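A short worksheet on the structure shown next.
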Amino acid sequence: MSSKGKKEGMDPDAGSGQDVYFPLNGGDFSDAGAGSKSLRSELAALGVPAWIIRRAAICAFEAEINVIIHAVAGSLHYLIEGETLTITVTDMGPGIEDIGLAMKEGYTTAPDWAKEYGWGSGMGLPNIKKNAGTLSIDSVPGEGTTIEIIINLAPPLNARQE
């Protein structure tokens, strides 16, 4: 685990599970993907099917990059409890003025510096929505955004592996 990722102690009231937190700094790509990499490793160690790991990693990575591009700072937190993964990403950024518009593929408010690095194509939130079981977004313009992603780690009996 990277030095940025700090594994929290297990909360006895929360049941058994992995509870992991990663701080994110706006504009700092040096640890981009550390949270999603940690999550992939944790899920693989639990024997979660690869296609579910892929979906979870996409959600975590896209959310991390959004914070780095758009916010001053934020965090990625994931909690694995039983067959449920909850990823919560909170930032201190500009907020999202129009969530419906932000969910459209190709729509972006990314600054030019991010686009010069190949980021900010307007696929972050659409990719998260596509790969999440449940996605909720709470955003206050001028204050920041919280995204909660829930993914069932146990494939349905008739699941199509992607």
Quick check on this structure: which one of Ile53, Ile87 is of a type in the set (A, V, I, L, M), in a helix (DSSP H, G or I) and modelled with pLDDT of 95 or more?
Ile53
If you check every pair at least six apart or on different chains, which have Cβ atoms under 6 Å apart with a residue in segment 35-50 that is acidic (Asp, Glu) first and a residue that is not in a helix (DSSP H, G or I) second?
Glu42/Gln18
Need the failing condition index for Ala57 against (1) crowded, with 17+ Cβ neighbours inside 10 Å; (2) hydrophobic (A, V, I, L, M, F, W, C); (3) within 30 Å of Pro111 (Cβ to Cβ); (4) in contact (Cβ under 8 Å) with a residue 24 or more places away in the chain, just the number.
(4)
When segment 32-48 is checked residue by residue, the ones that are out of contact with any Gly (no Cβ under 7 Å at 6 or more places or on another chain) and either buried (at least 16 other Cβ atoms within 10 Å of the Cβ) or closer than 21 Å to Trp119 by Cβ (or both) are Ala32, Gly33, Ser36, Lys37, Leu39, Arg40, Glu42, Leu43, Val48
Do you know which residues across segment 69-104 are exposed (fewer than 13 other Cβ atoms within 10 Å of the Cβ) and not hydrophobic (A, V, I, L, M, F, W, C)?
Gly82, Glu83, Glu97, Asp98, Gly100, Lys104
Go through segment 84-119 residue by residue and tally those that are touching a strand residue (DSSP E or B) at 6+ places or on another chain (Cβ under 6 Å) and among the charged types (D, E, K, R).
1
Hits in segment 109-148 - residues which are surrounded by fewer than 17 Cβ atoms within 10 Å (Cβ to Cβ), more than 26 Å from Trp51 (Cβ to Cβ), more than 13 Å from the chain's Cα centre (by Cα) and among the polar types (S, T, N, Q)
Thr109
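The values are calculated or read from the model by the stated rules, or taken from the named source; none is laboratory data. Note that the structure is a prediction, hence the values are computed from the model and not measured. Please note: Cβ atoms are built from the backbone with ideal geometry, for glycine as well, and neighbour counts cover all protein chains shown.
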